[in-house]
1. Do we have residue 62 as out of contact with any strand residue (DSSP E or B) (no Cβ under 7 Å at 6 or more places or on another chain) and either modelled with pLDDT under 75 or surrounded by 11 or more Cβ atoms within 10 Å (Cβ to Cβ) (or both) here?
2. Just wondering, is there one or more residues in the stretch 23-38 that are modelled with pLDDT of 85 or more, in contact with a helix residue (DSSP H, G or I) (Cβ under 7 Å, 6 or more places away or on another chain) and under 30 Å from residue 97 (Cα atoms)?
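The values are calculated or read from the model by the stated rules, or taken from the named source; none is laboratory data. As the structure is a computational prediction, the values presented were derived from the model and not from experiment. Methodologically, a virtual Cβ is constructed for each residue, glycine included, from the backbone with ideal geometry; neighbour enumeration extends over all protein chains shown.
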């Protein structure tokens, strides 16, 4: 078995992982900025007395999102392990996420 036959797969996996990792980080930055703007606008409207915020319901919603993200993350880990290009993909994803 020649180990050089796996180099193209590792390269393709690395490049695709880098692009997806970079894109994921950029998308997360945009989503975080939009959420921050949304929450700041809600807080401003609450300060003016235009709206009232049910803090218990808001904290419950954030807790539900956290548990959903944790379960989604565990499913993604299983998916990445099953890919044949997984090693290169993961390395490229981590580097792309760091550079993004």
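1. Yes: the conditions hold for residue 62.
2. Among the residues of the stretch 23-38, at least one is modelled with pLDDT of 85 or more, in contact with a helix residue (DSSP H, G or I) (Cβ under 7 Å, 6 or more places away or on another chain) and under 30 Å from residue 97 (Cα atoms), which makes the answer yes.
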